[in-house]
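Here the structure comes first, spelled out in structure tokens, and everything after it is commentary.
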Amino acid sequence: MGLAAIVLAAGASTRMGQAKQLMMIQDEPMINRVFNLIEPLSFPIVFCVTGAHHKRICEVIPDEVGVIHNKRWSTGLGGSIQIGINHVMDRKEIDGVFLFLSDQPFILTSDLKKMVELYSANPDSCIASSYGGVPGVPAIIPRRYFSSLSKLEGSTGAKSMMTQTETNLVLFQHSRELVDIDTIEDYHSAIHFF
């Protein structure tokens, strides 16, 4: 079973006022912390979808990470998911994608491994992180839903596809609360957490 990892990092971080992907957490850029958390899962393919801060992000991410530059990053998250899916759609060895955000340094590798185990037991289902019963990322999306993801536009994310009635969905409750770092207050909380 081949899963590709796609880390979404195209946003401008307007609420933060600077490139949050590059803000330091435990002596490393936040985006690299995410790559370090997913590295033990040994994905055969790892992509990072960049956008607003493309050049600066490319300077810090690991060399083995493939870069997909979303030049239309300002159109929203849906476009970044779409471009990422389009890069793996023709790779027959890939039967699903594991979507990550670049601003979630709280995730635990052990939880991600449990999500992969759930996917192995439910290969036709989306395995999504539960936010009070609402699906979100990190999430594993099987190939059967690639076509739907490749049509996302604007600010519409994968949640819209996962909440459709015809989507097989398994929600996963993480060991610790998942928090995106969108504001300077979120960032200061993250620093104190680690």
> Mind checking which residues of region 161-178 are touching a residue at least 40 places away in the same chain (Cβ under 8 Å) and within 29 Å of residue 190 (Cβ to Cβ)?
Replying inline: 169, 170, 171, 172, 173, 174, 175, 176, 177, 178
>> So in region 35-59, with the set limited to residues that are of a type in the set (A, V, I, L, M) and either in contact with a Lys or Arg (Cβ under 9 Å, 6 or more places away or on another chain) or loosely packed, with under 14 Cβ neighbours inside 10 Å (or both), which one is farthest from residue 157 (Cα to Cα)?
In response: 41
> Looking only at residues in region 31-60 that are β-branched (Val, Ile, Thr) and not in a helix (DSSP H, G or I), which one is farthest from residue 4 (Cα to Cα)?
Replying inline: 50
> Looking at (1) in contact with a helix residue (DSSP H, G or I) (Cβ under 6 Å, 6 or more places away or on another chain); (2) crowded, with 22+ Cβ neighbours inside 10 Å, which is the only condition residue 119 fails?
Replying inline: (1)
> Out of all the residues in region 139-154, is one or more under 25 Å from residue 30 (Cα atoms), among the β-branched types (Val, Ile, Thr), modelled with pLDDT under 95 and outside any loop (DSSP other than H, G, I, E, B)?
Replying inline: no
>> Pairs please, first residue from region 82-99 and in contact (Cβ under 8 Å) with a residue 60 or more places away in the chain, second anywhere and assigned to a loop (DSSP other than H, G, I, E, B) and buried (at least 16 other Cβ atoms within 10 Å of the Cβ), Cβ atoms under 6 Å, 6+ apart in sequence or on different chains.
In response: 82/152; 88/94
>> Quick test for you: out of 63, 103, 90, 124, pick the one residue that is in a loop (DSSP other than H, G, I, E, B) and crowded, with 23+ Cβ neighbours inside 10 Å.
In response: 103
>> Being among the aliphatic types (A, V, I, L, M), surrounded by 15 or more Cβ atoms within 10 Å (Cβ to Cβ) and out of contact with any Leu (no Cβ under 6 Å at 6 or more places or on another chain) is the requirement here; does residue 191 meet it?
In response: no
> For region 156-190, what are the residues that are of a type in the set (A, V, I, L, M) and at pLDDT 80 or above?
Replying inline: 169, 170, 171, 178, 181, 184
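The values are calculated or read from the model by the stated rules, or taken from the named source; none is laboratory data. The structure presented is a predicted model; accordingly, all values stated were derived computationally and were not measured. Cβ sites come from the backbone with ideal geometry, for glycine too, and all protein chains shown count toward neighbours.
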